[in-house]
Amino acid sequence: MEALHNVFTLMWPAAAIVVVGLALARLINWFVKRSPEGTSGLLYPLLSWINVSIAVLAIVILLPISDETQGQILSLLGVVLTAVIALSSTTFVANAMAGLMLQATQPFRAGDYIRVNDQFGRVTRRSLVYTQIQTEWRDLTTLPNMLLVNNAVNVLHREGTIIFAEVSIGYDVTYTRVEELMLQAGADAGLEEPFVLVNELLDHAVSYRVCGFLPSIDNLLSARSNLRKTILEQMHGNGVEIVSPSFMNQRQLDPARKIIPEQPVMRTGRGSGATSKAPEAKIFDKALEAASVEELRLNLEKTREELKHAREAYKEAAEDQREHLQHAVTALEQREQWFARLVRDNEADD
């Protein structure tokens, strides 16, 4: 019995540290889930790593061992940590530092369209060492954070972007006529304030570019496709031939014959995209889920800020104003509970 008591006396500090460490882990998990990015962000692994490191050092220091043995263990841990950092300095540590930089600058968030080098897709996840995007083929691509720091990252604006399409028209058609048809194509595709640029004067034809503002980027791929469709409709429907170098160099045809469909497609309204189902919901399903959770967390944080200010205003308000402010506080509390429940449900599904 005395031996058991001695063992308990010697080991209880280490056991207490383990209990405190587990409690801190739960506290970190609770705290991080209330942040906009939740456990998928960079803060959670960083705090967890710091918590574990401090717990290990504290256990070694409080273990009932001699100072010499304790020093040897600490030296061994230092050597191991130094070796790990030295061996992985070009990979893990570099990507972790890049992840912290991305967390500080916030160049993009979940659901954003980004392009870096030849990679294009929507962000589904951000972590300490990598960022995951979903490509237009619905595949998930993992990008090291160092790649995003060392290369220019193009982020499409959430409130709309400029899209364009290019086409080559022969010199026998005046640029004013082409501009008129391409402006109509841009309007039919649902673009705002379309404009046309003479992109290049080629040997065989003139290269034109029609551009316009797309208010919503939710169906970006479909919008680009619809713009090209409306260009075909306007050009072929009005007897304008779209040429290419192979036509000029290889075909032996009557010069009066135009290479357009015998029955051109002509639609009314906002273009051919009105009857087709947008594929983005299937292609970017993971990115859309991540964006939805991100929006919920942001709305939750915004509601909590509004609730905080409303409670402060209630405390400082006069007696005749408190009833009105109390209704506002109650409504915000209900809204906060609703957003918090949605966030918890989405995190549980993940």
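The values are calculated or read from the model by the stated rules, or taken from the named source; none is laboratory data. Everything quoted here is computed from the prediction, not taken from an experiment. For neighbour counting, all protein chains shown are included, and Cβ atoms are generated from backbone atoms with ideal geometry for every residue, glycine included.
So that you can scan it fast, the table gives a plain yes or no per residue for (1) of a type in the set (Phe, Trp, Tyr); (2) more than 30 Å from VAL123 (Cβ to Cβ):
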{"site": "GLU306", "(1), (2)": "no, no"}
{"site": "HIS309", "(1), (2)": "no, yes"}
{"site": "TYR314", "(1), (2)": "yes, yes"}
{"site": "ALA317", "(1), (2)": "no, yes"}
{"site": "HIS324", "(1), (2)": "no, yes"}
{"site": "ASN346", "(1), (2)": "no, no"}
> Considering the range 301-350 alone, what residues qualify as being surrounded by fewer than 11 Cβ atoms within 10 Å (Cβ to Cβ), assigned to a helix (DSSP H, G or I) and hydrophobic (A, V, I, L, M, F, W, C)?
Replying inline: ALA348
> Conditions: (1) surrounded by 17 or more Cβ atoms within 10 Å (Cβ to Cβ); (2) touching a helix residue (DSSP H, G or I) at 6+ places or on another chain (Cβ under 8 Å). VAL153 meets all but one. Number of the miss?
Replying inline: (2)
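Can you tell me which residues in the range 31-56 are in a helix (DSSP H, G or I) and modelled with pLDDT under 75?
The answer is PHE31, VAL32, LYS33, GLY38, THR39, SER40, LEU43, TYR44, PRO45, LEU46, TRP49.
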> Is it the case that some residue within the range 1-15 is of a type in the set (A, V, I, L, M) and at pLDDT 75 or above?
Replying inline: no
>> Pairs needed: first member in the range 294-315, under 14 Å from GLN334 (Cα atoms) and touching a residue at least 12 places away in the same chain (Cβ under 8 Å); second member anywhere, in a helix (DSSP H, G or I) and among the small types (Gly, Ala, Ser); C-beta distance under 8 Å; at least 6 residues apart or different chains.
In response: LEU300/ALA340; ALA310/ALA328
> Looking at this structure, is ARG322 among the basic types (Lys, Arg), within 30 Å of THR141 (Cβ to Cβ), modelled with pLDDT under 80 and not assigned by TED's automatic domain parsing to the domain that holds ARG122?
Replying inline: no
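What residue, of LEU62, LEU128, is assigned by TED's automatic domain parsing to the domain that holds ILE17 and at pLDDT below 90?
On inspection, the qualifying residue turns out to be LEU62.
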>> Within the range 194-212, does at least one residue satisfy the condition of being surrounded by fewer than 19 Cβ atoms within 10 Å (Cβ to Cβ), aliphatic (A, V, I, L, M) and part of a loop (DSSP other than H, G, I, E, B)?
In response: yes
> Given the structure, is LEU148 outside the structural domain of ARG257 (by TED's automatic domain parsing), outside any strand (DSSP E or B) and either within 30 Å of TYR44 (Cα to Cα) or not hydroxyl-bearing (Ser, Thr, Tyr) (or both)?
Replying inline: yes
>> I'd like the full set of residues that are exposed (fewer than 15 other Cβ atoms within 10 Å of the Cβ) and on the phi > 0 side of the Ramachandran plot, limited to the range 90-130.
In response: GLN106, ASN117
>> The conditions are (1) basic (Lys, Arg); (2) outside any loop (DSSP other than H, G, I, E, B); (3) without any contact (Cβ under 8 Å) to a residue 60 or more places away in the chain, and ARG158 fails exactly one of them. Which is it?
In response: (2)
> Restricting the range 100-133 to residues that are more than 18 Å from LEU47 (Cβ to Cβ) and aliphatic (A, V, I, L, M), which is farthest from the chain's Cα centre (by Cα)?
Replying inline: VAL116
